[in-house]
Amino acid sequence: MKTSNHRISPRKIPLRVYTRFEKRNLVATVAPAGEAHLGQGASVELQLFRYPSEKVQLRRRIRSLRPGAKQDVVLPLAGIPSGACLLRAVLTDRHGEKFPTEILQDKAPPPTWWLGSGEGVSRKAPAPWAPLKTRKIADGLAVECWGRTYEIADSLLARIHSAGQSLLAAPVKLIAKVNGRNISWKSSPPRVQEENDRVVLNQNLSGGDLSWQARSQIEFDGMIRVDWLLSTRKTVRIDALALDIPIRGQHAKYLFQFPGQWPNSENARQLPANGVKMSFRPFLWLGDEERGLAWFCESNENWFGQAPDRSIEITRKGDIVRLRLRLVSTPINLFPSDNRIFDALTGFGTDSTTPTVANLRYTFGFQATPVKPVEKDAWDFRAFCLAVDRKAKRDQSALDVPRSELDQLVAAGIRTVVIFEHWTDIEAHVATTHGKLLKKLVRACQTRGLKVLLYFGFLISDRAPEWRDFGKECLVIPKGGYPVFHYWPQPDQSAWRVCLNSVWQDFVPTGIARAMDEFGVDGVYLDGTANPLGCTNSLHGCGVPRPDGSTAPTYPIFAGRSAMRRIYNVVRSRKPDGQINVHNSACMTIPTLGWATGYWDGEQFAFSAKTVDANSVLPLDAFRTEFMGHPWGVPAEFLCYGRPFTYRQAWAFCLLHDVPVRPSFLKPDLEVVSLIWKVMDEFGRKEAEWLPYWRNAAYVTVRPAGAYASLYRHPKNGLLAVVSNLGKKPANVAVKFNLEKLGFRNAFSARDALTAETVNIHRAALTLRLKPLDWKLIWGQPACALCREKNL
C-alpha cells in the first residue's frame, strides 16, 4: 500500500545545526529539533549558499541520522569567494519524501554526556498501545488504534469513532472564498506514504487556481498531525479560509481550553447553549463523560483576521456542534511560488493593509479520547509525597526520613511515595550529591513494599552545571519562574521555566534514565513537564514574528509530546509497571498528558481565598470536564492544599466522580483516606458497576437541590452510595433507592461504611443530616446478607 513519489512535503522540519570553525573548515553537527524521533532513517543534504544570490557553493550529505550518534559534516571554505554565506538543508525520509527545513544554527557547545542522546527514542508502540491497523473503505482508508477508528476520505477526516460512538456529524472541511467566490474542492483519494509504527497519508486537492497539499501522520496513540500547504498558480485574493469541524451534539457537551487561568476552572465548562467566540487557543477539547475530540495548533502563524476575539467559533444548532477555525477572516493576497522546496519570502504588497504571502502553511493536530485503556488508577497507586518538614532541624538531612514514619504510611495503606525535589540541591535537576542517603531511603521504602517515584520538574536552575552553556537557549521567554528560589533544604538559587522545544528535551529523559539506573526507583513524578508553556525564544525555534514587529508565542505541543514519549519509554523499559505521575493543574493537553499513568490536578485552587464559595470555584460541570479522567484515558487524582475547601470537604465532590484525593499530611489526611481505602477494598470497588449521579436517575432520587448520590453496585456485596451535600446550607438529604431496578428483591439494610453505624432505612428511603460540603458513604445490602455478615 506504500507509495514513494519523492515529492516535496508540506511539512517543514526544524533542524538544529551546531557549528565550529577549524582553520578554513566549517564543521557542522545536525540533529532534528523538537521531535527527536523524526530523524530516524532520514538523510540530510546540507547546503552552503551565497547571500543574496542563493548560489549553492557546497553540498554535503548525512546519509542516515541516528539519535545519540555524533554526525559531523565538514565544509571546506578555502575555495569559497569572500562574502556572506548561509546554511540550509533538505531532509529526505526513508521513503524518499523531501522536507523543507528551518535551520537553528548556533556555536557548538562543549561536549556533554546528554546532548544528542537517543535515550527513549523509539518507533515501537509500547504497552498498553498496539500497532496501527489499516483497511480500505468505500471512499478511502480506515486507520484503527486502541479504542478509536479514523476514516480518511475526500476531505481530511470523514468519520471518527471513539469508545463505541461516532463523533463527527459530517466530514471535516476546508472552506475557502477566493476573489469573491466560494471554492469547490476536487480531491484525490488518500495515498499511503508509510504504514509501520505510524501511518502517513498524502492528499492533493484543487479548487480554482488554488492547490491544497495535505499530509496526515497518524500515531499509534491516536494522535494525528496534519500539515497543509496552500499555494496558487496566479496571484489571488483570499477573502476567507476556515476549517470546519462538525461534531455530534451529544458528544460535545463540555469544552476544555488551554491555557487556563488560576485560581479558577473557567477553562473547563459545559458548552454554553449559545456557543463560544474566542481568540486563538492552542488546544481545545469537546466531549462528554466518556469520550471526546481534541484539536490543537502550536501557534497562530498564518492566521489573518481583524477580529482576533473571533478567531475560533463554536456554535450549536440542533444536534450539531460546529467548531470553526477562522484561519483567514480579512483579505490577503496569495501569490505563486516557483514550487521550490524553500519558501519565497513573504511580506506586504503595494496595498499596505493587505498582507501578501506565498505558500500558506498550517499544522494542526487531532486526537480522539480516551487515548488508552486504564491499567491501574490512583485507587491502586495510593501515593503520598515525602515533602520537607519545615520544622525539622536544619542540620538534619531531609532525606533522613524516620523509619517509623514509613511504617505509619504502610499501615495506613500507602503504596507509593514521591521523593520531592529536595533529593538534589539543584532544583529540578537529574543528579545529586546525596546519593548514599537517597539509596538508603529508596531501599527502606522498597523493603516495606512501597513504590518510589523521584521528582523532576519544569525549571532550570542557575546552580546547574548546564546553566552557563545552555541556560539562555533553553529558557521559556518571556522569562519566568522563581527569581529567588528560597526553599530549605536546597541552597538559595534562581530557577526559571524551561522549554522542551530546546535541547533540554535531551537532558531530561537521559538524566531520568541515569537516575533510575543508579537508584532503582519505580518511576517519576513530573511537575509541569507535560505543560507546553507559551514561548517566544527564537534560540530554539519558538515564537512567530508578527507584521507589527511583535512576536506571538509558540506552544510546543509536539516537542512536549516527544519529551513525554521518551520519558515513558525510559521508565517502562526499566520498570514494565513503572509510574509516570504528572502534576498538570489546569492543563489537559492530551498529546502530552496521554503518556502519563496518572495526573494530579487542583493546585490552581490553592490560591483561592478561604471565604470563596467552593461551588463557584469548581462547579460540577468543570469537574466532569477536567478532573475526572474517564473521558481522557488517564486516571485522575485530586490535589487539595486546604483552599477553598478542606481535605475532607474535597472528598464530597471527588467521591461523586470516583476520583480519590491524595493525602498531603500524616494527620488528619491519612486518617480519612485510610478508612476510605479500606471500605473500597472490602466492598470490591474494582469489580463493581459505577452509576454516577448524572446517569442514575432510574436507580436513585436525591433531595434537595444541591445534594447528589453516585452508586457502586456489586454482584455480591450490595450497594455503596456516595451521598454529598454540595449546597451552601446544612440539609436533611433524602435518598430513595429503586431496589427493583438495582436488582435487590429482599428487604434492604444500610450502615455508615466508615463508622459501621446502622443507618435507618424505610421502604428503601433514608435521610442524612449533612453540613455544606459534607458526605457519607452508605453501604446497603439485602437484610439477609447483612445478617449472615454479622453471624445472626
What's the number of the condition Asn333 fails, among (1) without any contact (Cβ under 8 Å) to a residue 60 or more places away in the chain; (2) outside any loop (DSSP other than H, G, I, E, B)? (1)
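For every residue, the table says whether it meets (1) touching a residue at least 60 places away in the same chain (Cβ under 8 Å); (2) outside any loop (DSSP other than H, G, I, E, B); (3) in contact with a Phe, Trp or Tyr (Cβ under 6 Å, 6 or more places away or on another chain).
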{"site": "Leu205", "(1), (2), (3)": "no, yes, yes"}
{"site": "Ser211", "(1), (2), (3)": "no, yes, no"}
{"site": "Leu230", "(1), (2), (3)": "yes, yes, yes"}
{"site": "Ala240", "(1), (2), (3)": "yes, yes, no"}
{"site": "Ser265", "(1), (2), (3)": "yes, no, no"}
Would you point out the residue of segment 524-567, among those that are assigned to a loop (DSSP other than H, G, I, E, B), over 19 Å from Ala33 (Cα atoms) and in contact with a Gly (Cβ under 9 Å, 6 or more places away or on another chain), that is most open to solvent (accessible area, probe 1.4 Å)? Pro547
Enumeration of residues in segment 137-154 that are surrounded by fewer than 19 Cβ atoms within 10 Å (Cβ to Cβ), modelled with pLDDT under 95, part of a loop (DSSP other than H, G, I, E, B) and not charged (D, E, K, R): Ala138
Matching residues, segment 96-121, being within 30 Å of Val199 (Cα to Cα), touching a strand residue (DSSP E or B) at 6+ places or on another chain (Cβ under 9 Å) and open to solvent by 40 Å² or more (accessible area, probe 1.4 Å): Lys98, Glu102, Ile103, Leu115
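To keep it simple, each residue is scored yes or no on (1) under 26 Å from Glu405 (Cβ atoms); (2) open to solvent by 10 Å² or more (accessible area, probe 1.4 Å); (3) within 26 Å of the chain's Cα centre (by Cα); (4) charged (D, E, K, R).
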position	(1), (2), (3), (4)
Leu620	no, yes, yes, no
Gly629	no, no, yes, no
Trp632	no, no, yes, no
Tyr641	yes, yes, yes, no
Phe645	no, no, no, no
Ser664	yes, yes, yes, no
Arg685	no, yes, no, yes
Asn696	no, no, no, no
Over segment 719-742, the set of residues of a type outside the set (A, V, I, L, M), surrounded by fewer than 23 Cβ atoms within 10 Å (Cβ to Cβ) and in contact with a Pro (Cβ under 9 Å, 6 or more places away or on another chain) is Gly727, Lys728, Lys729, Pro730, Asn732
For segment 54-95: of the residues being of a type in the set (Lys, Arg), more than 34 Å from the chain's Cα centre (by Cα) and not in a loop (DSSP other than H, G, I, E, B), which is farthest from Trp113 (Cα to Cα)? Arg59
Would you please name the residue that is nearest to the chain's Cα centre (by Cα), looking only at residues in segment 182-203 that are assigned to a loop (DSSP other than H, G, I, E, B) and farther than 27 Å from Ala596 by Cβ? Pro190
Only one residue in Ala33, Ala42, Ala78 is over 16 Å from Thr19 (Cα atoms) and open to solvent by less than 60 Å² (accessible area, probe 1.4 Å). Which one? Ala42
Among the residues of segment 632-669, which ones are basic (Lys, Arg) and outside any loop (DSSP other than H, G, I, E, B)? Arg648
Does segment 597-604 contain any residue that is open to solvent by 10 Å² or more (accessible area, probe 1.4 Å), under 20 Å from Trp285 (Cα atoms), aromatic (Phe, Trp, Tyr) and touching a residue at least 24 places away in the same chain (Cβ under 8 Å)? no
Conditions: (1) out of contact with any His (no Cβ under 8 Å at 6 or more places or on another chain); (2) more than 22 Å from Leu773 (Cα to Cα); (3) among the hydrophobic types (A, V, I, L, M, F, W, C). Leu691 meets all but one. Number of the miss? (2)
Out of Glu421, Glu427, sole residue that is in contact with a Phe, Trp or Tyr (Cβ under 7 Å, 6 or more places away or on another chain) and at pLDDT below 95: Glu421
Listed residues Leu453, Leu438; which is of a type in the set (A, V, I, L, M, F, W, C), crowded, with 21+ Cβ neighbours inside 10 Å, within 26 Å of the chain's Cα centre (by Cα) and outside any loop (DSSP other than H, G, I, E, B)? Leu453
Would you check if there is a residue in segment 608-629 being in a helix (DSSP H, G or I) and closer than 27 Å to Gly471 by Cα? no
Out of segment 155-181, which residues are in contact with an Asp or Glu (Cβ under 9 Å, 6 or more places away or on another chain) and part of a loop (DSSP other than H, G, I, E, B)? Leu157, Ala158, Ala163, Gly164, Ala169, Ala170, Pro171, Val172, Asn179, Gly180
So which residues in segment 761-774 are closer than 20 Å to Leu691 by Cα and part of a loop (DSSP other than H, G, I, E, B), if there are any at all? Ala764
List the number of the failed condition for Gly511; all other conditions in (1) surrounded by fewer than 24 Cβ atoms within 10 Å (Cβ to Cβ); (2) part of a loop (DSSP other than H, G, I, E, B) hold. (2)
Name the single residue, out of those in segment 457-476 being open to solvent by 10 Å² or more (accessible area, probe 1.4 Å) and aromatic (Phe, Trp, Tyr), that is nearest to Leu115 (Cα to Cα). Trp467
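The values are calculated or read from the model by the stated rules, or taken from the named source; none is laboratory data. It should be emphasised that the depicted structure is a prediction, and the values quoted were computed from it without experimental measurement. Cβ: placed from backbone, ideal geometry, glycine included. Neighbour counts: every protein chain shown. Ligands, DNA and RNA are excluded from the accessible area calculation, which covers all protein heavy atoms including side chains. Shrake-Rupley method; radii C 1.70, N 1.55, O 1.52, S 1.80 Å.
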